[in-house]
Amino acid sequence: MDLVTFGEAMVRLTPPDFQRLEQARSFDVCVGGGELNVAVAASRLGVPSRWVSRLPENALGRMIANRAREQGVDAQIEWTAADRAGLYFAELGAAPRASSVLYDRAASAIARLSPGSIDWQFMFAGARWFHVSGITPALSESAAKVTAEALIAAKSAGLTVSYDLNYRSKLWSGEQARAVQEPLMQHVDVLITTEEDTRVVFGIGADVQDRYENVDADSYADTARALQKRFGFRAVAITLRENPRVLLNTWTAIVAAEDKIHRAPRYEVEVVDRIGAGDAFSAGLIVGCLENHGWEEALRFATAASALKHSIPGDFCLVTRAEVDQLLRGASLRVSR
């Protein structure tokens, strides 16, 4: 496997037709989780990918593993008979009501993962890239220890390491996130983040009046440079979203690397489901780098893939390489016949 990811995946339940949770009589069911989403997208885009996790040995655990394998991902699972699968409920909104997420993931199987239980030497054998996010160490003290263990092992094995900061206020406070994650950054080559997350976690942010409309890429470039200076990252990627409406956003990104700021095209996206768009961006960037493209081309590819993800229900970026390439060439919105 060229890419290895590590983290939790959950069963997601979404009320149909923009219903509120309290209205629901049925749910659309899918599987998702940051690092699995990355592995799925990378696999579909042509990079052999492995996902490492811990799941309960029951129907829900098998559902999660099966969904990963259906997309060509090598799911390496530590099975447990005693613990549970995490759940989350996604309530999709429309202006002026924002979308929201309700977690039911406390004491899930991966939160009880113990340091030393995963053979990282085996998991990383032959791999070139390791990806994890800030969600994983937020799950429990032991999950944070295993995350640190994995990062150290990945660097020892010579892998490039990417880390999506992915701050979740419903899992921990900014102060907790900073205390746990700052020591991890010494093992990270590529940080993937948003300006808002770095401001909350590391106290580094852009000097902007409005973070949701009229986003200024230059001020975000300053944030990326400040992160590089502080932590010594090889590259920092920041996604930029303008969301004046829940269902109509603009989407772009920048990468600070090799003493340059690289900027992606800006896409107008009609939001069917924005959950997983950042993971699709991470996957696209990783694929571009593993294929030895320059940062400019990798960034363009990642931004196009993640723009397409907004149009797809569920967490997974179910696109093909041809569709991403077509968008990069300037795809028509007329019906393809």
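The values are calculated or read from the model by the stated rules, or taken from the named source; none is laboratory data. Here the structure is a predicted model, which means the values were calculated and not measured. The protein model used for the area step is the full one, side chains on, heavy atoms only, and it has no ligands, DNA or RNA in it. Shrake-Rupley method; radii C 1.70, N 1.55, O 1.52, S 1.80 Å.
Some values worked out for this structure:
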read-out	value
Cα gyration tensor category, rounded, prolate or oblate, for region 1-46 with a/c compared to 1.5	prolate
Cα-based shape type of region 250-300, given that a ≥ b ≥ c are square roots of the gyration tensor eigenvalues and the cut on a/c is 1.5	oblate
CD proxy at 222 nm, helix term only [per DSSP H run n ≥ 4: -39500 (n - 2.57); per residue of the chain; nearest 500]	-10500 deg cm²/dmol
Shape of region 129-234, Cα gyration tensor, a/c cut at 1.5	oblate
Whole-Å distance, taken between Cα centres, linking region 279-328 and region 75-128	23
Cα-based Rg / Dmax (Å) for the chain	18.7, 54
Accessible surface of residue 300 - all protein chains present, 1.4 Å probe, nearest 10 Å²	90
Qualifying lysines (Cα of each under 18 Å from Cα of residue 229; at least 8 residues distant if same chain)	260
Surface share of carbon and sulfur [accessible, 1.4 angstrom probe, percent] for region 1-55	44
Heavy-atom accessible area per residue - the chain, 1.4 Å, Å²	44
